[in-house]
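Colleague: One structure, pasted below without further comment.
The values are calculated or read from the model by the stated rules, or taken from the named source; none is laboratory data. All figures in this text were calculated on a predicted structure; none of them were measured in a lab. Cβ: placed from backbone, ideal geometry, glycine included. Neighbour counts: every protein chain shown.
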Ligand code: HXC
């Protein structure tokens, strides 16, 4: 047989076998050798990848997919990268995750820096088309120097084809983007268009223009990590929905997320069988202080409501004043949105509104019921918010809820004040079932603030303003903020014992199962962006 180093080095399975008599066995063996060489890759490039703290595209797919489930397409495709390497720098195909099919592509940094040329892009387009045609999620593993410089405009054309397909597939199949290396320039729009973006600290970078361009244009000196590392996107820009210390943990959570999502918008999310269990959760009454201004961790409340206390939080570190995540209730997937009194007293601000709006829209696209836990004192005041478009961003969340046709259950835990109450899936914007704890306070504003506004003149003239204020606050609370105020007016369906929350939400969702959406005769609404 011809060795790969021989001057007659094989360019195809046929020529690889050419030193042998033309037999089926020789052809088969030649083919296997070629395939093996493609799979192993160039040892020095693989070693360099490992030295950089990264794994190869195939190693990553092995961790992501069920064992031996990967079916590769177009392994032999060659483009114009120097040496015309097979695969053209991207490994594409499909496999299963917990037995359910997904389509995948993993950019291979060991080949031309994973840069994207026309052949590379065509392979990605193909798996995206197959994912959409078969109604399966698509998972992209990005590790690339961007547009293949030698291919000029054709590389840009290839990117455009990815973006167009992502938009076509939006709301039809779940799209997950994992950034495991460089992802620069326009390439960063692909993770931005995905439903969920995962990043790994240290190795993943995402930016529109790199540090050199930043310095030459603005004079600002910044490192890759400071400009577009995982922490920056997880905490400040909100581009990364999940962030990890290593690839293994990252891919494990991608598998977990996929186990919670339906394959497409026409399919229900996977249900897991659950044993009969006691839904009473007396601990809930202990977690939440009665005094409206005392903080507590809403995560503890969520853990008491969902099965096994297990909950996958999205955007954990971006806008932590609102919590969004997936859990199961009696084995069925729910999307939970909750104010977080531990951070900024749980107010809604621009970033929190954007975060929750995107989450609500995702759940609604894929038929995942929404459970909204309300403890909100209002919107964050200030010029920064107002000038930064707080109204516009808040409107996104309002729009997202108003438009959502999935089963919607609201639980008012304590404060539900003003516009923020309306936005947090109130009866008026279409929640199907509103439950409230005896600590609920549905009002235009808190009692202190209300008294200061309504009785300003009397307080200014009073001999004992503090005494009068206390009296007025007590009266306002008794008349307008008592636990049955909203229920008496039909804004709340039931005032429940906190310990019964899990049971009441589960009963509500069972009642709403099978809820149908009415088709709306318009091209699409003009969501405030
Ligand atoms: C062709 C590329 C490439 C590219 C890297 N390589 N990026 N080849 N086109 N865009 C090749 C290198 O030449 C090298 O080949 C190999 O990949 C590994 O790259 P290194 O530079 O040795 O790796 P490293 O030091 O880790 O640096 C990685 C990097 C750097 C930071 C990504 O390669 C880099 O800055 N590349 C250029 C990035 C860029 O400007 N891309 C275009 C952005 S514009 P050899 O043969 O030596 O192994 C864009 C527009 C998209 O993407 C628009 C979409 C709408």
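Colleague: Determine the pairs where a residue that is assigned by TED's automatic domain parsing to the domain that holds residue 355, located within the range 381-392, has a partner that is part of a loop (DSSP other than H, G, I, E, B) and surrounded by 13 or more Cβ atoms within 10 Å (Cβ to Cβ) with Cβ atoms under 7 Å apart, the partner being 6 or more residues away or on another chain.
Modeller: Qualifying pairs under 7 Å: 385/349; 390/349; 392/528.
Colleague: Only one of (1) under 20 Å from residue 64 (Cβ atoms); (2) touching a residue at least 24 places away in the same chain (Cβ under 8 Å); (3) not assigned by TED's automatic domain parsing to the domain that holds residue 409 is not met by residue 249, so which one is it?
Modeller: Of (1) under 20 Å from residue 64 (Cβ atoms); (2) touching a residue at least 24 places away in the same chain (Cβ under 8 Å); (3) not assigned by TED's automatic domain parsing to the domain that holds residue 409, only one is false for residue 249: (2).
Colleague: Across the range 47-64, which residue is farthest from the ligand (Cβ to nearest atom) among those that are within 24 Å of the chain's Cα centre (by Cα) and part of a loop (DSSP other than H, G, I, E, B)?
Modeller: It comes out as 55.
Colleague: So, one more: Which one is modelled with the lowest pLDDT among residues in the range 19-46 that are surrounded by fewer than 16 Cβ atoms within 10 Å (Cβ to Cβ) and in a loop (DSSP other than H, G, I, E, B)?
Modeller: 20
Colleague: Would you mind finding the one in 510, 474, 463, 470 that is loosely packed, with under 14 Cβ neighbours inside 10 Å and outside any helix (DSSP H, G or I)?
Modeller: 463
Colleague: Follow-up. Tell me whether the range 65-85 contains one or more residues that are part of a strand (DSSP E or B) and either at pLDDT below 95 or within 16 Å of the ligand (Cβ to nearest atom) (or both).
Modeller: Looking for residues that are part of a strand (DSSP E or B) and either at pLDDT below 95 or within 16 Å of the ligand (Cβ to nearest atom) (or both), one finds at least one in the range 65-85, hence yes.
Colleague: Return a yes/no flag: does the range 92-105 have any residue that is over 19 Å from residue 263 (Cα atoms) and either touching a helix residue (DSSP H, G or I) at 6+ places or on another chain (Cβ under 9 Å) or free of Cβ contacts under 8 Å to residues at least 24 places away in the same chain (or both).
Modeller: No, the range 92-105 contains no residue that is over 19 Å from residue 263 (Cα atoms) and either touching a helix residue (DSSP H, G or I) at 6+ places or on another chain (Cβ under 9 Å) or free of Cβ contacts under 8 Å to residues at least 24 places away in the same chain (or both).
Colleague: Can you pull out the helices (runs of 4 or more DSSP H) entirely within the range 277-388 that have at least 2 residues that are touching a helix residue (DSSP H, G or I) at 6+ places or on another chain (Cβ under 7 Å)?
Modeller: So the answer is 283-287, 298-305, 350-365.
Colleague: May I pose another question? Could you check the range 111-123 and list, in sequence order, the residues that are buried (at least 22 other Cβ atoms within 10 Å of the Cβ) and within 16 Å of the ligand (Cβ to nearest atom)?
Modeller: 111, 112, 114, 115, 116, 117, 119, 120, 121
Colleague: Oh, and also: For the structure I just gave you, tell me whether residue 124 is touching a helix residue (DSSP H, G or I) at 6+ places or on another chain (Cβ under 7 Å) and closer than 15 Å to residue 176 by Cβ. Show your work before the answer.
Modeller: Values: touching a helix residue (DSSP H, G or I) at 6+ places or on another chain (Cβ under 7 Å): yes; closer than 15 Å to residue 176 by Cβ: yes.
Against the criterion (touching a helix residue (DSSP H, G or I) at 6+ places or on another chain (Cβ under 7 Å) and closer than 15 Å to residue 176 by Cβ), residue 124 qualifies.
Colleague: What strands (runs of 3 or more DSSP E), lying completely within the range 124-232, carry at least 3 residues that are more than 10 Å from the ligand (Cβ to nearest atom) and assigned by TED's automatic domain parsing to the domain that holds residue 80?
Modeller: In the range 124-232, the matching strands (runs of 3 or more DSSP E) lie at 138-142, 175-179, 196-200.
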